[in-house]
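Worksheet for the structure shown next.
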Amino acid sequence: LESERTRRCETWAMHFVISSTWGATDPTRAAIPFVFAATALAAGDSVMLMLFHDAVSVAVEGAAAKLVPFGPPARFAEVFAHAGASVYVCKPCAEVRGIGEEALAPGTRFGGMVEFHAHASRPDARVIAF
């Protein structure tokens, strides 16, 4: 199994571009994109995660540690810290909620549709929306 996984990673490495709108109002739905991202990263793929709407609340420093999903494991910190992950927070979505860039967790940064489009346009990209 491990040799098959290694072969797949060498042959089929992909770039997953994930958008999420779920945040602190539903911790379980907020966790699912992060579980997928962590799984893809463990398989050797790269990930771009774009947090829109309520999902921006997950990127506030310390907030993800307080979210307890019902069922799936909380893998927020794992994704934020992974070198293969780029986590962007929709700047207008955050600013309208009073969240400034200084409030963001390490491993996250402001971005928008320009960054989302750039990642989604890569030839190795697969776009997933949660």
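The values are calculated or read from the model by the stated rules, or taken from the named source; none is laboratory data. On a predicted model such as this, the values are computed, not experimentally measured, just so you know. Reconstructed Cβ throughout: ideal geometry from the backbone, glycine too, with neighbour counts over all protein chains shown. Just so you know, the surface numbers come from the protein's heavy atoms only, side chains and all, with ligands and any DNA or RNA stripped out. Shrake-Rupley method; radii C 1.70, N 1.55, O 1.52, S 1.80 Å.
Summary of computed values
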item	result
Relative contact order (percent, whole number), the chain, Cα cutoff 8 Å, 6+ residue spacing	31 percent
Accessible-area ranking of ILE99, ILE18, ILE32, largest first, probe 1.4 Å	ILE32, ILE99, ILE18
Coil-residue chymotrypsin sites (Phe, Trp or Tyr not before Pro) of region 18-117, DSSP, other Cβ within 10 Å capped at 15	PHE70
Residues ALA83 and SER121, FRET efficiency given R0 of 22 Å [Cβ-Cβ distance, rounded to 0.05]	0.50
Estimated dipole of region 59-130 in Debye, rounded to 20 [Cβ of Lys and Arg +1, of Asp and Glu -1, Cα centre]	200 debye
Simple Cβ-charge dipole of the chain, Lys/Arg +1 and Asp/Glu -1, about Cα centre, in debye nearest 20	180 debye
Calculated from backbone phi, Karplus (6.51, -1.76, 1.60) coupling profile of region 57-64 in Hz, x at Gly/Pro	5, 5, 7, 5, 3, x, 5, 4
Fluctuation leader among VAL17, VAL89, VAL114 - the chain, Gaussian network, Cα springs under 10 angstrom	VAL114
Cα-based Rg of region 38-130 normalised by 2.2 N^0.38 Å, two decimals	1.06
Value of [θ]222 nm, deg cm²/dmol, for the chain, DSSP H segments ≥ 4, -39500 (n - 2.57) each, nearest 500	-11000 deg cm²/dmol
Carbon + sulfur, % of accessible area of the chain - ligands and nucleic acids excluded, 1.4 Å	61 percent
Residues in region 74-111 reached by a label modelled at HIS53 [backbone nitrogen below 15 Å; 7 Å Cα→Cβ]	90, 93-94
Antiparallel DSSP beta bridges within the chain, percent to nearest 5	5 percent
Karplus-derived HN-Hα couplings along region 75-82 (A = 6.51, B = -1.76, C = 1.60, θ = phi - 60°), whole Hz, x at Gly and Pro	10, 4, 4, 4, 6, 4, 8, 6
Placed amide H near VAL60: partners under 5 Å, 5+ positions off or other chain	ALA105
Span from the region 54-96 Cα centroid across to the region 18-46 one, whole angstrom	9 Å
